[in-house]
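Asks: My questions all concern the structure below.
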Amino acid sequence: MYQVGDEIAGYRVVGVLGAGGMGEVYQAQHPRLPRTDAVKVLRTAHLADDAVRRRFEREADLIAPIAHPNIVRVYDRGEIGDRGEIGDSLWIAMEWVPGTDVAKLLRKHPGGLSREQASGIIAGVAAGLDAAHRHGVTHRDVKPANILITPGEAGAVKLGDFGIARAIEDGGGLTGTGMAVGTMRYASPEQISGGAVDARSDVYSLAATTFELLTGTPPFTADSLSGVMAAHMFAPVPSAHERNRGLPYGIDAVLAVAMAKDPAQRYGSAGEFARAVLSALHEETGVRTLIGESPPEMLGGSPPRVLGGSPPEVLGGSPPRVLGGSPPEVLGGSPPRVLGGSPPSWPPVPSGPHGRRRGSRGRRIALAGGALVAAAVVGALTGMWQNSAAALATPDRPDTTITKYAVDVDWQPIDGATEYVLKRGETEVYVGPATAFRDPLPLPGVYQYSVSARSPGALPSRFSLKSSSATVFASWRQAQWIADLYPDLVPASPLSTNGFDQVGCWANGPVYFDQTSQETITCQKVDDITVDFAFTIYGFPNDPQGLAAAKPTLLHHTAGRSFTSAQGNRGSVHRYTMNDTRCAGIDFDGERRALTVVEVCVGKGTVEDAVRLAERLPM
């Protein structure tokens, strides 16, 4: 094994992340970029096996073309020359995901995770699997240890370790590979029997993983590997509700379908399975999004102290405010009608002895008459629906387009319709005459839309078929314009680690007592539990007066000196100490950054160290 300080193809090892039967994984500093990557090295014992070498290299070839927020990115691969006792080595450089894996998280929660935590993990893994399946890649080893999570707006979820699992599966059977019991706990029956493996095998493994997320134990356990194998092959799927009585009964039916012995009887995709799970989990709570309104539990206890910025604000509950203060935009029509009010409740059954007497002839007559009247009404309405020429045609399924700020939904007009009702799932989000609607980004999740046509002179149409799935990932929402201004500094989304030095970031909107337009993105570089440095970008969208009023306070009433960033942008730098941290505040010139102030703070060192860091940042 390599030691801390050793080099692997120019990468300097800074830590050991793990080891398995095929190789070791190291945390290593990139040779040229200010970034830490994960470098996987093939174990020396396998170097003489040409087939294993080809399979190891194929991991990079399989995953490198897939760019998805829920899949660990592969950056590069290569071969190392002779190193004496270590010998030749093959290596793959990939995205380093700070945080932990789900197997470790489950050890801290032996009874299973909360519905909200489990929902976020299931949705993220399913989205990553669907992306891999679209590229013709099956994972073949979905399990908690291969799911990585890191703190973020809603908890980043990334699926890793594609290549080694595939090499094991292709290597000639279970007995020759030493497949671990931990992997076998989630293996599909066709993997065990040596049958054909496709995307539905990953669905089975995700379902087995979901079972453990919700109950704290895998679906099948035994004293021997053969016992676990036999259970997957022949035993019925156990009841998750029986193991965790806090779960709704409906979850058992979903898991039974996903873990059917015959792949043809399972859900056709991981996303379809995830939607069924989340619907079952939240049918009693009313939660309709894939990730709940409360952020998941911070890994490792309390969150790190914020340097130079406000603590993270939970961006959930109410829809995000549209930049500039405008309400949600209706494309091509008038604003949506407010959807309010509740349907009238059915009158309660009369109380008292007469209302409850089983032998009450009057009540029997009333009930019989009511039933006849109800049947007649239902029959008449059914006949009108099926036979009336005045009934509106059912619209085609709507089309969806996801942008940084919204889900744009549009549909074809229906002759005679004066308005349309648009649903996101089972929630009405628009009623109006337009045939397009801009839905401000909901919380991260997978959504489908359906539409019905309406007219005062006709029966309403049935709701259309649901749209194709619209997968909404965590975004910067109202602070997206700040991320667009600083694309090399800020990650593409709160769940991404592709920002400067793989910092973790979150966005804050105006707090409840703040009457200004201030919006911020705060990023931190955390070493274990210690904050190494942090920077906050304060933005005032379309509000130069708001920035002018806030600037003296943000910059602590200090004088500025000339400053030029690494990308050549000019401004002034202000030096100050705040909350026992040393900071540099940057006030930029020019139109593009004139509505922002950047504050850079260091946990250790001097104010000049903060200035030098600011000079290195790509802004």
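The values are calculated or read from the model by the stated rules, or taken from the named source; none is laboratory data. Everything numeric in this text was worked out from a predicted model, so none of it was measured. Don't worry about glycine lacking a Cβ; one is built from the backbone with ideal geometry, like all the others, and counts go over all protein chains shown.
Asks: Pick from 434, 453: which is crowded, with 18+ Cβ neighbours inside 10 Å, touching a Gly at 6+ places or on another chain (Cβ under 9 Å) and either not in a strand (DSSP E or B) or not aliphatic (A, V, I, L, M) (or both)?
Replies: So the residue among 434, 453 that is crowded, with 18+ Cβ neighbours inside 10 Å, touching a Gly at 6+ places or on another chain (Cβ under 9 Å) and either not in a strand (DSSP E or B) or not aliphatic (A, V, I, L, M) (or both) is 434.
Asks: If you take the residues of region 551-587 that are of a type in the set (Gly, Ala, Ser) and in a loop (DSSP other than H, G, I, E, B), which of them is farthest from residue 34 (Cα to Cα)?
Replies: 559
Asks: Does residue 487 meet the test of being within 30 Å of residue 567 (Cα to Cα), without any contact (Cβ under 8 Å) to a residue 12 or more places away in the chain and assigned to a loop (DSSP other than H, G, I, E, B)?
Replies: yes
Asks: Which of the residues belonging to region 263-277 are among the charged types (D, E, K, R) and over 18 Å from residue 186 (Cβ atoms)?
Replies: Of everything in region 263-277, those that are among the charged types (D, E, K, R) and over 18 Å from residue 186 (Cβ atoms) turn out to be 272, 275.
Asks: Being of a type in the set (D, E, K, R), at pLDDT below 85, not in a strand (DSSP E or B) and not assigned by TED's automatic domain parsing to the domain that holds residue 493 is the requirement here; does residue 32 meet it?
Replies: No: the conditions fail for residue 32.
Asks: Any idea which of (1) crowded, with 23+ Cβ neighbours inside 10 Å; (2) at pLDDT 85 or above; (3) in a helix (DSSP H, G or I) is the one residue 479 doesn't satisfy?
Replies: Condition (2) is where residue 479 drops out.
Asks: Among the residues of region 250-265, what is the count of those that are of a type outside the set (Val, Ile, Thr) and buried (at least 23 other Cβ atoms within 10 Å of the Cβ)?
Replies: Summing the residues that are of a type outside the set (Val, Ile, Thr) and buried (at least 23 other Cβ atoms within 10 Å of the Cβ) in region 250-265 gives 3.
Asks: Would it be correct to say that residue 447 is under 26 Å from residue 121 (Cβ atoms), surrounded by 18 or more Cβ atoms within 10 Å (Cβ to Cβ) and modelled with pLDDT of 85 or more?
Replies: Yes: the conditions hold for residue 447.
Asks: Would you please name the residue that is nearest to residue 90 (Cα to Cα), looking only at residues in region 36-71 that are surrounded by fewer than 17 Cβ atoms within 10 Å (Cβ to Cβ) and at pLDDT 75 or above?
Replies: Filtering first and then ranking leaves 61.
Asks: Could I ask something else about it? Sort out which residues of region 191-234 are out of contact with any Lys or Arg (no Cβ under 9 Å at 6 or more places or on another chain), among the hydroxyl-bearing types (Ser, Thr, Tyr) and closer than 22 Å to residue 101 by Cβ, and write them in order of number.
Replies: Across region 191-234, the qualifying residue is only 210.
Asks: Would you list the helices (runs of 4 or more DSSP H) that sit entirely within region 219-286 and hold 2 or more residues that are in contact with a helix residue (DSSP H, G or I) (Cβ under 6 Å, 6 or more places away or on another chain) and basic (Lys, Arg)?
Replies: Once the helices (runs of 4 or more DSSP H) in region 219-286 are filtered for at least 2 residues that are in contact with a helix residue (DSSP H, G or I) (Cβ under 6 Å, 6 or more places away or on another chain) and basic (Lys, Arg), nothing remains.
Asks: Residues that are among the β-branched types (Val, Ile, Thr) and at pLDDT below 90: list the strands (runs of 3 or more DSSP E) wholly contained in region 85-164 that include at least 2 such residues.
Replies: The strands (runs of 3 or more DSSP E) meeting that bar are 147-150.
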